[in-house]
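The values are calculated or read from the model by the stated rules, or taken from the named source; none is laboratory data. Treat the numbers as computed from the prediction; the structure is a model and nothing was measured. Glycine also receives a Cβ, built like all others from the backbone with ideal geometry; neighbour counts cover every protein chain displayed. Areas reflect the complete protein model, heavy atoms only, side chains present, ligands, DNA and RNA absent. Shrake-Rupley method; radii C 1.70, N 1.55, O 1.52, S 1.80 Å.
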Amino acid sequence: MLVHAIGIDIGGTKIAGAVVTELGEIVEEARRPSPADDPDAMVDTVVEMISDLASRHEVSGAGVAAAGFIDAAQSTVYYAPNIAWRNEPLRARIEERLPGLDITVDNDANAAGWAEFRFGAGRIYSDMTMLTIGTGVGGAVVVGDRLLRGGFGTGGEIGHLRVVPGGLPCGCGARGCIEQYGSGRALLRMAGEIADAGGIGRPLAEAREKAGKLDGGIVGGLIAEGDPGAVAALRELGGWLGQACASIGAVLDPQIFVFGGGVAVAGDLLLDPVREAYLAHLPARGYHPEPEFLVAELVNDAGVVGAADLARLHADAR
Ligand SMILES: [Zn+2]
């Protein structure tokens, strides 16, 4: 019989839950609104969801994924940007209310990346780096079939890799992070600059005039239509991401880079400039096997599937 585990993915507006098989298949799903401004209600809701799902399935444990810095022991949320958790002993708080169930806590990007490694685009490799291009830039790193958590648990934060010394200020307090040059927000800034310059930027400028401002839907729509200005903005973005991949490659040497998040739906229009910039900045270029560059296969369920699989592995290791 297959061993099942529960995965919970805490987002800013909703909490997703699922019972997942060891093959990454979802057998039951649940969804609740996220009480993001009330940390105690958040714990209550997560406990209720796990308890409800566990009442109908035999499970080896439950994994909880949330945005934020989690300690290396998968127990404590040091800091969560969207929830009022500061040094929150989340695992202990859940376990004391669900005796007998093995609970693990992981960063949400790590959970999604792990799902992609186990069951998606990275499944045939041992070393994968995933970049999630949403509003910001998220990351997950797998080295030698293991998720890289780092000595303090906060490894794999690719978004804060510095690509421009003294560059644009970042929300993390530093300057010049790839998040400021390779994120969805950066794409809108680049599209706005191209719109300001006229020429190929005219359709972007017209769309901005009509809607009041550019957003992801407008720029994504123009990219899908092949609009030269919007595609140029995406190429600029891809160029920065490719440079970041070359730096990552020098340290981690992954066989595959996977791109997830809203911007990755552009597919080869994003991956081609990434690959070109990667090759142009690679140390010892021409003498190094070329890694794969692919878009993520698991889109909506990656967080819950990854969280469940990490919980199952944790329970197995005990
Ligand atoms: Zn930063």
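One table, with the values for the structure above:
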read-out	value
Value of [θ]222 nm, deg cm²/dmol, for the chain, DSSP H segments ≥ 4, -39500 (n - 2.57) each, nearest 500	-12500 deg cm²/dmol
Net charge contributed by nearby residues that have their C-beta within less than 14 Å of ARG189 (K/R +1, D/E -1)	-2
Alpha-carbon centroids, the stretch 204-236 and the stretch 82-109: separation in whole Å	41
The chain: most fluctuating residue of VAL164, VAL295, VAL64 per GNM, C-alpha cutoff 10 Å	VAL164
Per-residue ³J(HN,Hα) for the stretch 184-191, Karplus 6.51 cos²θ - 1.76 cosθ + 1.60, θ = phi - 60°, Hz, x for Gly and Pro	x, 5, 5, 4, 5, 5, 5, 5
Karplus-derived HN-Hα couplings along the stretch 217-230 (A = 6.51, B = -1.76, C = 1.60, θ = phi - 60°), whole Hz, x at Gly and Pro	x, 5, 5, x, x, 5, 4, 4, 7, x, 4, x, x, 5
Net charge, PRO81 excluded, C-beta distance under 15 Å - Lys, Arg +1, Asp, Glu -1	-3
At most 15 other Cβ within 10 Å, DSSP loop - trypsin sites (Lys or Arg not before Pro), the stretch 120-190	ARG123
Nearest-10 value in Å² for the accessible area of SER51, using the 1.4 Å probe	60
Accessible area, probe 1.4 Å, largest first, for residues ASP215, ASP316	ASP316, ASP215
Accessible area per residue in Å² at 1.4 Å probe, computed on the chain	45
Long-range amide H partners of LEU168 with built H, under 5 Å	GLY176
Built amide H within the under 5 Å cut-off of GLY61, gap 5+	ILE6
Share antiparallel - DSSP beta bridges, the chain, percent rounded to 5	55
Nonlocal amide H pairs with GLY153, under 5 Å, H built at 1.01 Å	ALA72
Kirkwood Rh, angstrom, the chain [1 / mean 1/r, Cα pairs]	20.3
The chain: most fluctuating residue of GLY239, GLY212, GLY171 per GNM, C-alpha cutoff 10 Å	GLY212
Under the Karplus curve 6.51 cos²θ - 1.76 cosθ + 1.60, θ = phi - 60°, whole-Hz ³J(HN,Hα) for the stretch 116-133, x wherever Gly or Pro sits	5, 5, 7, 10, x, 4, x, 5, 9, 10, 9, 10, 9, 10, 10, 10, 9, 9
Whole-percent carbon and sulfur share, accessible surface of the stretch 4-114, 1.4 Å	47
